Each structure stands twice: as C-alpha cells, then as structure tokens.
Amino acid sequence: MDTYSIWAEGLTKTFAMSGGRSTIAVDDVSLHVAPGEFYGFLGPNGAGKSTTIKMLTGLLRPTSGRVVIAGHDLAVDPLEIKRHIGVLPEDLNLYERLSAPELLLFAAQMYGIPRTEAQRRTDDLLNLMELTETGSKMIVDFSMGMKKKAALAAAMIHSPRVLFLDEPFNGIDALSGRAIRDILRTMTSRGTTVFFSSHVMEVVEKLCTRVAVIANGSIVAEGTLADLRKQSGDDDASLEDLFIRLVGREHGGEADKQSDDLRWLNSEAETADDRK
Ligand SMILES: Nc1ncnc2c1ncn2[C@@H]1O[C@H](COP(=O)(O)OP(=O)(O)OP(=O)(O)O)[C@@H](O)[C@H]1O
Ligand SMILES: [Mg+2]
C-alpha cells in the first residue's frame, strides 16, 4: 500500500437520521490510485462522492475502513498527510474577508513557505486563474466561479503530491477551465496525483487515466475507459453512454414515462395546438 498515493479499503460512512434511523452514504468503498494518475470519480447526485473525498482527506471520520495517503495512515498521521495534500472541498470553506492575494499568502504561510517564494507562487497562481484584476476586493464579493478559482489556487500553493478536487470545473468558464486542465496535466506528468469528482463527462474522458463510478454509495465500475468499454461489451461507447448504463437510467421507457408525467409543463403549447 506504500507504493500508492491513495489507498483506501472498506470505507463506509453511516449518518444518523432523525427518528433513530440511519443512512449508509458510502458502503465498503476501496480505491487504489498510483502516483501521477489523473483519477476521475463519477457518480450521480447523492451517490457518495463528496462523502468519500471528505473521508480520504480527514474532513470526515469514516464509520469503518482505512485510508493510507502517500504511505501515511490517516488515522495515525493526519498532520503529515495534510502537508502533502491539497483539497478543494465541495463547500469551498474560504476565509471570505480576505482578498485573493491575502488568502494565498496566508495559505503559503500555513505551509511554512518563505515569504519571497510565497509571493512568487501567489503571483503565478493569480495569473493562471485570471484573478490578478481582483486586487484588494474581498472574496465574499467574488462571483461563484471566482471563489472556486481562489480555492483551487489555495489548494495548489504548496505544490502538493496529491490533489483532491471536488467538482473543480463546475462553474468555471471555458478559458479558465482550459488553463486549469493544462496545469493539472503538467502536474500529473511530474508525478502529482489528481483525484477529482466531476459531472462533466467530456473533461473526464479527455483527462483521466482511470475512473471509478459510484452509485448509491458503492463502486459499480473501475478502470480505464477501455476497461469500462470492454466490461459493457460496447467498444464505441462514450463515457456518458457508459455512465448512464452503469447508474441504471438507460431505459428508454423511463424517458417516455417521464415526458408523459410532465405533460402539464407543456400545457401552454398543448393549448395552442388544441386551438389549431
Ligand atoms: N451530514 C450528512 N448527514 C446526513 N446525510 C448526509 C450527510 N452528508 C451527506 N449525506 C447523504 O449521503 C449521501 C451522499 O452524499 P454526497 O454529498 O456524498 O453525494 P455526492 O455524490 O457528492 O452528490 P453531488 O453530486 O450532489 O455532490 C446523500 O444521500 C446525502 O443525503
Ligand atoms: Mg458532492
């Protein structure tokens, strides 16, 4: 397990619910990701992606299971792991009263990066994320995409060995998206491991060396795109086709039923048609 960047076995998270009931958000998930991999984590809304990422990064304690990151056991050595990982959490969690340069310099200070180097990295990252113009504007006044880019920059400032990114491209414009993809690719070519969740299939298809698909808390497929195609018996399937088949929504009947159920949405059009 020491040769892996991310090694997790039997990860499970149960949440207590009102009325004494409980829900299993993540159910016996195991993941093994090698250094330099660009690993995509896919699943429909509520599948357990963010919960898994929180458990892999020490933001949430697993109900059971074990996590080893870059050879360190998360339950034993969480501080050592924090030095080597960068995290973009789903809810961003930023110090919103700071400006973008202040946030990055503060993050750099937390990792013990010397002042001149911290300033150089801050300038580079602000440039990369197209945030230079924001100047002294506080993050609280940023747009959603700008906040995400500031959070991404903060997650990269200490040049981590493993990056965990929860929906990094959601809400990011095409220009910045391209720049971020390029920098992540460069990082993986130099040995950084990137583990990211996404709903954007084209991005995952283009970038990832391997993917895992999670549905209802369990991994339903894992491997390269070629592996997934092989398993499905369809050599030409796009990742989106495979995803929809895997998470069980491919049945044409469902779509027909849905459009029947939602006829009222088109009542205006129907009325217009009826009048003809
Ligand atoms: N703190 C919590 N308390 C109770 N249930 C939770 C909690 N956090 C998550 N869940 C439940 O766990 C399941 C998985 O949620 P999670 O946020 O991991 O999904 P996700 O795959 O990240 O979805 P999305 O694509 O919408 O971000 C959901 O059913 C959710 O309601
Ligand atoms: Mg999520």
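Just so it is clear, none of the values below were taken in a lab; they were calculated from the coordinates. A quick note: this is a predicted structure, and the numbers were derived from the prediction, not measured. Cβ sites come from the backbone with ideal geometry, for glycine too, and all protein chains shown count toward neighbours.
Report the residue, chosen from LEU105, LEU92, LEU265, that carries the largest GNM mean-square fluctuation when the chain is represented by alpha-carbon nodes joined by springs under 10 Å.
It is LEU265.
Give me P(r) over the stretch 1-98, computed from all C-alpha to C-alpha distances, binned every 5 Å, as integer percentages.
Calculated over all Cα pairs of the stretch 1-98, the distribution is 3, 12, 21, 23, 20, 11, 7, 3, 1, 0 percent.
I'd like the antiparallel share, as a percent to the nearest 5, of DSSP beta bridges with both residues in the chain.
55 percent
For the chain, set up a Gaussian network in which alpha carbons nearer than 10 Å are linked by springs, and say which option among ILE24, ILE180, ILE85 fluctuates the most.
Maximum among the listed residues: ILE24.
So what's the gap between the Cα centers of the stretch 137-182 and the stretch 88-114, to the nearest angstrom?
Using only Cα atoms, the two centres lie 12 Å from each other.
Going by average Cβ neighbours within 10 Å, how do the peptides 131-141, 191-201 rank, with the highest at the top? Working shown, then result.
On the way: 131-141: 13.9, 191-201: 20.5.
For the peptides 131-141, 191-201, the packing ranking is 191-201, 131-141.
Could you give each residue of the stretch 86-103 its phi-based ³J(HN,Hα) in whole Hz, using Karplus coefficients 6.51, -1.76, 1.60 with θ = phi - 60°, and x for Gly or Pro?
x, 10, 10, x, 4, 9, 6, 6, 9, 7, 6, 8, 9, 7, 4, x, 5, 4
What do you get when you divide the Cα radius of gyration of the stretch 74-205 by 2.2 N^0.38 Å, with N the number of residues?
Normalised Cα radius of gyration, the stretch 74-205: 1.01.
For the stretch 107-172, max minus min Cα coordinate along each principal axis, in Å, sorted largest first?
Principal-axis extents of the stretch 107-172 (Cα, largest first): 31, 29, 18 Å.
Which pairs in the list LYS148/LYS230; LYS137/LYS206; LYS54/LYS147 are over 25 Å apart, alpha-carbon to alpha-carbon?
LYS148/LYS230; LYS137/LYS206
Given the chain reduced to its alpha-carbon atoms as identical point scatterers, what log10 I(q)/I(0) does the Debye formula return at q = 0.14, 0.17 Å⁻¹?
-1.04, -1.36
At each listed q (0.15, 0.26 Å⁻¹), what is the log10 of I(q)/I(0) that the Debye formula gives for the stretch 135-210 modelled as equal alpha-carbon point scatterers?
Cα-only, vacuum Debye calculation for the stretch 135-210: -0.52, -1.44.
Only four residue types carry charge here, +1 at the Cβ of Lys and Arg and -1 at the Cβ of Asp and Glu. Report the dipole size of the stretch 6-223 about the Cα centre in Debye, rounded to the nearest 20. The partial results should precede the final answer.
Numbers: 23 positive and 24 negative charges, 44 e Å.
I would put it at about 220 debye.
If you split all Cα-Cα distances of the stretch 142-263 into 10 Å bins from zero, what percentages do you get per bin, shortest first?
11, 36, 30, 18, 5, 0
How high is the relative contact order of the chain, in percent, counting Cα pairs under 8 Å that sit 6 or more residues apart?
Dividing the mean separation by the residue count of the chain yields 23 percent.
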